[in-house]
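The values are calculated or read from the model by the stated rules, or taken from the named source; none is laboratory data. What you are looking at is a predicted structure, and each value in this text was computed from that prediction instead of being measured. Positions of Cβ are backbone-derived with ideal geometry, glycine not excepted, and every protein chain shown enters the neighbour counts. Calculation scope for accessible area: heavy atoms of the full protein, side chains included, ligands and nucleic acids excluded. Shrake-Rupley method; radii C 1.70, N 1.55, O 1.52, S 1.80 Å.
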Amino acid sequence: MKKLILLLSAALMSMTAHAAAPKAPDQVAQDATTQLLQLLTANHVKYKADSKLYYKTVNDVVVPLFDVPYIGRLVLGRNAKTATDDQRTRFQNAFKDMLIRSYANAMLDNFDSVKVSWQPLRMAADATDVTVSSTLLRTGKQPVPVGFAMRLNGTEWKIYDITVENISLVINFRSQINEEIKKNGLDSVITRMESGEYSAKPKS
Amino acid sequence: MRMGNTKFLSRSLMLLISVMLGACAHSPIDEPSDPLEPVNRAFYSFNEQLDNFVARPAAKGYVAAVPEEVRNGVRNFFSNLSYPTVVVNSALQGKFKQSGLDLTRFVMNSTFGLCGFLDPATMVGLVRHDEDFGQTLGYWGVGPGWYLMLPFFGPSSNRDLTGRAIGITTDPLTYVGDSTINLAMTGASAIKTRADLLSADSVLEQQFDRYVFIRSAYLQRRQSLVYDGNPPRESYELDDEDDGDSAPAPAAKEDSSESKTSDTSPIPRFNIDIR
C-alpha cells in the first residue's frame with residue numbers, strides 16, 4: 001500500500017513537473033505558424049476584404065508570441081536609456097503595429113505559395129536563449145533561411161528577433177531608427193510610425 | 001629552411017594585407033564604420049536614379065518578355081560562369097573537399113549542362129556554394145573595414161572591394177578578348193541580377209532610411225557568407241546596459257565555443273562543413 005502511494009505520488013509529481021515545463025521553443029514557433037497558415041487558408045478572402053478584422057486576428061494570434069517590450073528596448077538600443085516610460089510604451093506599440101501592417105500583408109499575399117520546413121532544434125536543458133531555424137520554400141525560387149531568436153520569459157518562450165538570410169530585423173531597425181532619432185528626435189519618429197508612414201500598402 | 005621561408009613570407013603577406021584593410025577596428029554591427037557616408041550617400045542617390053530609369057525598367061522588361069524557364073537557364077549560366085572563383089576560394093579557405101566537389105560541379109554543368117544553362121550537378125547532389133575573394137579574406141580574419149557604396153556596382157566594403165579586384169583574375173570574362181561580348185555579358189548579368197531582386201523592392205519602400213537599410217543588410221549578409229551561413233550571434237544588448245530586468249545577453253549558450261570566435265582574430269577557423 002505504501003509502495004502504491006509512493007508510486008502514485010511520484011507519478012503525480014512527474015506530471016505536475018511536466019505541466020510546469022514550458023512548451024519547447026521550436027514547438028511554439030511551429031504551432032503558431034501552422035495556426036496562422038490554417039487561418040489564412042480558411043479566411044483569406046474575408047481578410048482581404050476586411051483588413052481591420054485581419055489585423056485584429058494577427059494581433060490576437062501572433063503578437064502574444066513576441067516579447068514586445070523587449071523587442072522595443074532592443075530596437076531602441078542606446079536610446080532606450082534616455083527615453084521616458086511613456087515614450088518606450090508608445091514606441092513599442094507603434095513598432096508592433098508597423099510590423100503587423102507590413103508583414104501581415106506580405107503573408108496574406110504569399111501564404112499559399114510558401115512552405116516552411118523546420119530544422120531540428122538542439123539546445124541545452126538550461127538554455128534561456130535559442131534560435132529556431134527554418135527554411136522558407138517557395139516554388140521555383142531559392143529557399144530562404146529564416147531564424148527565430150527566442151528567449152525564456154518567465155515560463156514561456158517568446159520570439160524577440162527574426163532573421164532572414166541571417167539579416168536581423170532588430171539590428172536593421174535599430175540602425176535606421178538610431179539614425180532617425182539622431183536627426184529628428186524620438187518623439188517625431190514615434191509620431192511618424194503611428195501615422196503609418198512606414199508601412200507597406202496592401203497590393204491592390 | 002625553404003619551408004620556413006615560405007611560411008614567413010606568407011605570414012608577413014597576410015599581416016600586410018590585414019594592416020592595409022584596417023582589420024583591427026571592429027565596429028558594432030548596428031553602427032558600422034562608414035567615414036565616407038556623405039560620398040557614399042551621393043553615390044547611392046546616383047545608383048537609385050540609375051535604377052529608376054534604367055536597371056529596374058530593363059529588369060521588368062526582361063521578366064515580362066522572357067519565359068521563366070529561359071530566365072532560370074540564364075541564371076544558371078551566370079552562376080556557372082562565376083564558379084571558377086568559387087572553386088579557387090573554397091580551396092583558399094582550406095575547404096579542399098568542397099573545392100573538389102565545386103570543381104566537379106563546374107565541369108559537369110559546363111559540359112552536360114550545356115555551358116551552364118542547365119544544372120545537372122544539383123540534381124546529383126552537388127550543391128551550389130557561394131564563395132569569393134572577399135569571403136576568403138574574411139575567413140582569414142580580415143574585417144570589412146569601411147562600408148563603401150560604389151557607383152554602378154552598389155554596396156561594398158574595403159575588404160570586399162579588394163576581393164572584387166582580385167576576383168577579376170578568376171572571372172572567365174576577363175579572358176574574353178572581344179570587348180563587345182564582354183560588355184553584352186556584363187549588361188545581361190546586371191539585368192539578371194536586378195530581375196532577381198525585383199521582389200525586394202517593396203521591402204525597400206517601407207524603410208525609414210534606405211541607405212542605412214542597405215548598409216545594414218549588406219554587412220550582415222556578407223558576415224553570414226563569411227561564416228557559411230552560421231555567423232556567431234551578436235549580442236544585441238549594449239555593453240553599458242546594466243539595468244536589473246535585462247535578460248541574459250543573447251550570446252547563444254548552446255554553442256558557447258562557437259560564439260567566442262571573434263571575427264577579427266587572425267587565427268583561421270576550421271569550420272566543419274555540414275552541408
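Observations
- Candidates B:Arg164, B:Arg215, B:Arg210, B:Arg159: the one that is within 14 Å of the chain's Cα centre (by Cα), modelled with pLDDT of 85 or more and within 14 Å of chain A (Cβ to nearest Cβ) is B:Arg215.
- Among the residues of the stretch A:23-59, the one identified as among the charged types (D, E, K, R), within 26 Å of A:Leu152 (Cβ to Cβ) and not in a helix (DSSP H, G or I) is A:Lys23.
- Search result, residues across the stretch B:110-130 that are open to solvent by less than 10 Å² (accessible area, probe 1.4 Å) and either without any contact (Cβ under 8 Å) to a residue 40 or more places away in the chain or among the charged types (D, E, K, R) (or both): B:Gly113, B:Ala121
- Residues of the stretch B:191-217 classified as in a helix (DSSP H, G or I) and open to solvent by 40 Å² or more (accessible area, probe 1.4 Å), total: 10
- Within the stretch A:75-97, restricting attention to residues that are assigned to a helix (DSSP H, G or I) and of a type in the set (Ser, Thr, Tyr), the residue that is most open to solvent (accessible area, probe 1.4 Å) is A:Thr82.
- Within the stretch B:187-213, residues that are under 13 Å from B:Glu48 (Cβ atoms) reach partners that are of a type in the set (Gly, Ala, Ser) and open to solvent by less than 30 Å² (accessible area, probe 1.4 Å) with beta carbons closer than 8 Å, at six or more positions or on different chains, in the pairs B:Arg194/B:Ala59; B:Glu205/A:Ala200.
- Residue check, A:Phe111 more than 9 Å from every other protein chain (Cβ to nearest Cβ), of a type in the set (Phe, Trp, Tyr), assigned to a helix (DSSP H, G or I) and surrounded by fewer than 20 Cβ atoms within 10 Å (Cβ to Cβ): yes
- Hits in the stretch B:131-157 - residues which are open to solvent by less than 30 Å² (accessible area, probe 1.4 Å) and of a type in the set (D, E, K, R): B:Glu131
- When the stretch B:81-91 is filtered for residues that are under 26 Å from B:Thr186 (Cα atoms) and open to solvent by 10 Å² or more (accessible area, probe 1.4 Å), the ones remaining, listed by number, are B:Leu81, B:Ser82, B:Pro84, B:Thr85, B:Val87, B:Val88.
- Any hit, the stretch A:98-105, residues being assigned to a strand (DSSP E or B) and within 16 Å of the chain's Cα centre (by Cα): no
- Just so you know, in the stretch B:218-236 the residues that are under 12 Å from the mean Cα position of the chain (by Cα) and within 7 Å of chain A (Cβ to nearest Cβ) include one that is nearest to B:Ser99 (Cα to Cα), and it is B:Gly229.
- Scope the stretch B:173-190; condition in a helix (DSSP H, G or I) and open to solvent by 60 Å² or more (accessible area, probe 1.4 Å); matching residues: B:Thr174, B:Tyr175, B:Ser179, B:Thr180, B:Ile181, B:Leu183, B:Ala184, B:Thr186
- Restricting A:Ser117, A:Ser102 to residues that are touching a Ser or Thr at 6+ places or on another chain (Cβ under 6 Å), of a type outside the set (D, E, K, R) and open to solvent by 30 Å² or more (accessible area, probe 1.4 Å) narrows the list to A:Ser117.
- Subset of the stretch A:35-63 [within 20 Å of A:Gly147 (Cα to Cα) and open to solvent by 70 Å² or more (accessible area, probe 1.4 Å)]: A:Gln35
- Where B:Gln220 falls short, out of the listed (1) in contact (Cβ under 8 Å) with a residue 40 or more places away in the chain; (2) in contact with a Phe, Trp or Tyr (Cβ under 9 Å, 6 or more places away or on another chain); (3) within 22 Å of B:Glu48 (Cα to Cα): (2)
- With respect to the stated conditions, B:Val70 is out of contact with any strand residue (DSSP E or B) (no Cβ under 6 Å at 6 or more places or on another chain), of a type in the set (Val, Ile, Thr) and closer than 24 Å to B:Asp51 by Cβ.
- When residues in the stretch A:124-134 are screened for being open to solvent by less than 70 Å² (accessible area, probe 1.4 Å) and either part of a loop (DSSP other than H, G, I, E, B) or within 11 Å of chain B (Cβ to nearest Cβ) (or both), 7 of them pass.
- Qualifying positions in the stretch B:167-207 - away from chain A (no Cβ under 12 Å) and polar (S, T, N, Q): B:Thr169, B:Thr170, B:Thr174, B:Ser179, B:Thr180, B:Asn182, B:Thr186, B:Ser189, B:Thr193
- Residues satisfying the stated conditions in the stretch A:139-171, i.e. more than 8 Å from chain B (Cβ to nearest Cβ) and part of a helix (DSSP H, G or I): A:Leu169
- Qualifying residue in the stretch A:22-36 (condition: more than 15 Å from the chain's Cα centre (by Cα) and without any contact (Cβ under 8 Å) to a residue 40 or more places away in the chain): no
- Exclusive hit being touching a residue at least 12 places away in the same chain (Cβ under 8 Å) and under 16 Å from the mean Cα position of the chain (by Cα), set A:Thr139, A:Thr155, A:Thr128, A:Thr163: A:Thr163
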